[in-house]
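What follows is one structure encoded as structure tokens, with my remarks underneath.
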Amino acid sequence: VNSSGTQSARRPGLTSENISPSFASTGPLLLGSSERVAISSDSRWTRFTPPGAKVSMLVPGDGTRRSTKVLLEDGRVVNLNTYLGRSDKTAYVVLSSSGSAGGESDADIMDSGIKGFVGGLQSEWKTMGKAFECYPELNRNISVSGYSGRQYNLGGCTVPGTVRLHTRVVNNVRELYVTAVLFFGPSDDPKARRFFDSFAVSPSSGSSVGKN
């Protein structure tokens, strides 16, 4: 409440202010070691579409999937879906989130997205009495069918890897997708490239009206 006695305004929906805590509160991804991530029961790669998502990608079998609704401070709900799978010693992660747009730029959303992803890993490692050191480096900007995107290198992190983020706004709904690989073994696993390159957008997913 401000000095005039009225409620201070909060930006609604999915914004840079709530992405990080939303990601950090999704529960453990079990990424403390490769052994904590179950090897996908089906060795065949399958095309995975997160619930309600407008995109899909190839993943190593069924993996572990979770769908949650995160209650924001302003009372609104953000839908958050996670996928976690493993092939050999490489872990594959997909996070998808959607909620009312808050008028922010795609860049602001992606900045908070990478902070939230790394923050979630650090929180999980802390519960195990370990430290997860990580300073993501922006590799390049990427765009796919109206989605703004970025790729980050986690090469200098406790567990190296690569993270890509894609986001856009359609009909005042903010979509954010995070795809990541973490290398608990060799960092030149060719299947990682296959995973990232398989990112595809549904032909009937609408047009973007987001800000870059």
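Checking the a/c ratio against 1.5 first, then a/b against b/c, what shape does the Cα gyration tensor give for region 112-212?
prolate
With a 1.4 Å probe and every protein chain left in place, work out the accessible area per residue of region 58-176 in Å², rounded to a whole number.
The answer is 42 Å² per residue.
Mind ranking THR179, THR68 by accessible surface for me, highest first, 1.4 Å probe?
Putting THR179, THR68 in descending order of accessible area: THR68, THR179.
Where does the charge balance sit around TYR147 when Lys and Arg score +1, Asp and Glu -1, over other residues with C-beta under 12 Å from its C-beta? Walk me through the intermediate numbers first.
Working: positive: LYS54, ARG150, ARG164, ARG168, ARG174; negative: ASP106, GLU175.
That sum, taken over residues with Cβ under 12 Å, equals +3.
Modelling each spin label as a point 7 Å along the Cα-to-Cβ direction, I'd like the SER198/VAL173 distance in nm, to one decimal.
Reported label-point gap for SER198 and VAL173 is 2.4 nm.
Would you mind calculating the relative contact order of region 77-138 from Cα pairs under 8 angstrom and at least 6 residues apart, reporting the percent as a whole number?
21 percent.
What nm value, rounded to one decimal, do you get for the distance between GLU133 and THR49 when each label is placed 7 Å out toward the C-beta?
4.4
Rounded, prolate or oblate: which one fits region 93-151, using the alpha carbon gyration tensor with axes a ≥ b ≥ c (rounded when a/c is under 1.5, else prolate when a/b beats b/c, else oblate)?
Since a/c reaches 1.5 and a/b is larger than b/c, the shape of region 93-151 is classed as prolate.
Residue farthest toward the positive end of the dipole of region 87-212, with Cβ of Lys/Arg at +1 and Asp/Glu at -1: which of VAL118, THR158, VAL181?
Checked the options; the winner is VAL181.
If you take the square roots of the eigenvalues of the alpha-carbon gyration tensor of region 75-115 and sort them as a ≥ b ≥ c, do you get rounded (a/c under 1.5), prolate (a/b over b/c) or oblate?
Verdict is oblate for region 75-115.
The values are calculated or read from the model by the stated rules, or taken from the named source; none is laboratory data. Remember, predicted model here, so these are calculated numbers, not experimental data. With ideal geometry, Cβ positions are generated from the backbone for all residues, glycine too; neighbour counts draw on all protein chains shown. Calculation scope for accessible area: heavy atoms of the full protein, side chains included, ligands and nucleic acids excluded. Shrake-Rupley method; radii C 1.70, N 1.55, O 1.52, S 1.80 Å.
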